[in-house]
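Notes for the one structure printed next.
The values are calculated or read from the model by the stated rules, or taken from the named source; none is laboratory data. Because the structure is predicted, anything quoted here is derived from the model rather than measured. Backbone-built Cβ (ideal geometry, glycine too); neighbour counts: all protein chains shown. Ligands, DNA and RNA are stripped out before the accessible areas are found, and what is left, the full protein with its side chains, is counted by its heavy atoms. Shrake-Rupley method; radii C 1.70, N 1.55, O 1.52, S 1.80 Å.
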Amino acid sequence: MSTPTFEATIGLEVHAQLLTRTKLFCGCEATFGAPPNTHVCPVCLGLPGALPVLNREAVRMGVRAARALGLTILPRSIFARKNYFYPDLPKGYQITQYDRPFSEDGALEIAVPGAGPKIARIQRIHLEEDAGKSLHEPGRARVDLNRAGVPLIEIVGHPDLSSGEEAAIYLRALRDVLVCVGVNDGNLEEGSFRCDANVSIRPVGRADLGARVELKNLNSFRFVERAIGSEIARQRAVLETGGTIAQETRGWDEATGTTFAMRSKEEAHDSRYFPDPDLPPLDIDLALVREIDRALPELPAAKRARYMDSLGLPRQAAEVLTSHPRLSAFYEDALAAGADPVKAANFVGSEVLREARAHGLAMDLPVRARHVARLLTLVEEGTISGKQAKAVFARMCGTGKTPDDVVAELGLSQILDPDEIRRLCVAVVAANEKSAIAWRAGKKALLGFFVGQVMKASSGRANPALVNEILVQVLSTVAEEP
Ligand code: ZN
Ligand code: MN
């Protein structure tokens, strides 16, 4: 009997923290990194009698994310209580949206290398509050509730992905959209963009999905790819040896490169969801949706397509430049200052990006875009070489100096004056009489030697094309003399 071939089915659930100033249902600050338990109040601590009030800015940001991903906004949605006990959840329930989310049915197009574009459908996006954070230490556990009540959107994908690689590509594309529309800072390490993955496999051709394993807390793109790949391999090995897959939650151990069982999967009815009696239904009117639609920026996919189709960039360069809104804005500023699109893309995507520092939505760029445009013009005009441009750029970084200042400072400008180059050539030919005779006798390969000598004599500043041209004249002219 031949071993059946298996196919994997992966659906991602992403929790993204909205960049509001305050929490979802109270006025506490939602910032990261404050001393533990300094951003708390009776509402987010779940003290008796405290009443939640919905943060309208969180709603606007949620709608913006949903519209950027093509979801339909539902006019009325309901906040529900998801009941469970955990030390970092002081109320004993999480306020979330259950059977009535505020948006549904969207999609994200992803580009899988070697396989072309693929549509990954998004089932729903809903609003919910974050829990606090348990800090486990030897012998004790502590709880920080600064994060309790921070607004999240949960983005629930359909199981349309089929490998760890596709999952990582989807996740990057999703992050780029959320960062682009300004609702999330895309920071996996600080936990403001988190991913759980549902992974199952089935024999090729079978219609129903296999038992589903949920992988928790995959906090880097690399972990997502590796954990899913490892989990698919584990499930296949279990099925091929006649075993069955348990429906459970598993974690990722980066050290061993394997997943491990955490707990058996709880069913929805265990959480006893019910509508939150303290919160009215959330009504989102069409006028707000229209206003948000009008204000949406050009999204990464559209920008990428434009860079490729009308500016002639290769996909790779277009992807790099559209990975952060500040970077693409910088690139477009350089174009507005007259830079060539392809040359600017290469320079911004390598030299500039290497020196850029992103902090969420902000990005520190080391130089001004119009200075990059000017630097590329200096190369284009032959004033400096491409190699010298990198040295000039290094001196421009963080100093505010213009490329012209640095070129003057370093004495780098190329020698373009034919008379000056001719003087250098004549001197070099005179000093290398034997080689000049050999060149005239037909050893044309010696030209490279002469070029090298002239470049050396000019400290690398002579324009190489002119040196070549004038050297040939000088060598030939001498031959014609009696
Ligand atoms: Zn609070
Ligand atoms: Mn959730």
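From the list 367, 348, which residue is in contact with a Phe, Trp or Tyr (Cβ under 6 Å, 6 or more places away or on another chain) and crowded, with 21+ Cβ neighbours inside 10 Å?
Within the list 367, 348, the selection yields 348.
Against the conditions (1) open to solvent by 60 Å² or more (accessible area, probe 1.4 Å); (2) touching a residue at least 12 places away in the same chain (Cβ under 8 Å), where does residue 256 fall short? Just the number, please.
(2)
Tally up the residues in the stretch 129-180 that are farther than 23 Å from residue 90 by Cα, among the small types (Gly, Ala, Ser) and within 16 Å of ligand 2 (Cβ to nearest atom), please.
1
Looking only at the stretch 310-331, decide whether some residue is in the same structural domain as residue 70 (by TED's automatic domain parsing), without any contact (Cβ under 8 Å) to a residue 40 or more places away in the chain and part of a helix (DSSP H, G or I).
No, because not a single residue in the stretch 310-331 is in the same structural domain as residue 70 (by TED's automatic domain parsing), without any contact (Cβ under 8 Å) to a residue 40 or more places away in the chain and part of a helix (DSSP H, G or I).
Does any residue of the stretch 161-176 turn out to be modelled with pLDDT of 95 or more, in a strand (DSSP E or B) and within 16 Å of ligand 1 (Cβ to nearest atom)?
No, every residue in the stretch 161-176 fails to be modelled with pLDDT of 95 or more, in a strand (DSSP E or B) and within 16 Å of ligand 1 (Cβ to nearest atom).
Can you tell me which of 232, 245 is outside any loop (DSSP other than H, G, I, E, B) and either among the acidic types (Asp, Glu) or open to solvent by less than 60 Å² (accessible area, probe 1.4 Å) (or both)?
Details: 245 fails: outside any loop (DSSP other than H, G, I, E, B).
On inspection, the qualifying residue turns out to be 232.
Among the residues of the stretch 264-285, how many are modelled with pLDDT under 95 and within 32 Å of the chain's Cα centre (by Cα)?
1
Just give me the residues in the stretch 13-29 being open to solvent by less than 30 Å² (accessible area, probe 1.4 Å), under 18 Å from residue 183 (Cα atoms) and either assigned to a loop (DSSP other than H, G, I, E, B) or away from ligand 2 (no atom under 16 Å from the Cβ) (or both), in sequence order.
Of everything in the stretch 13-29, those that are open to solvent by less than 30 Å² (accessible area, probe 1.4 Å), under 18 Å from residue 183 (Cα atoms) and either assigned to a loop (DSSP other than H, G, I, E, B) or away from ligand 2 (no atom under 16 Å from the Cβ) (or both) turn out to be 18, 20, 22, 23, 24, 25.
Among the candidates 358, 334, single out the residue that is in a helix (DSSP H, G or I) and under 26 Å from the mean Cα position of the chain (by Cα).
334
Would you mind finding the one in 211, 197, 295 that is touching a strand residue (DSSP E or B) at 6+ places or on another chain (Cβ under 7 Å) and closer than 22 Å to residue 173 by Cα?
Criteria check complete, one pass: 197.
Looking at 253, 293, which is the one that is outside the structural domain of residue 95 (by TED's automatic domain parsing) and either out of contact with any Gly (no Cβ under 7 Å at 6 or more places or on another chain) or more than 24 Å from residue 126 (Cα to Cα) (or both)?
293
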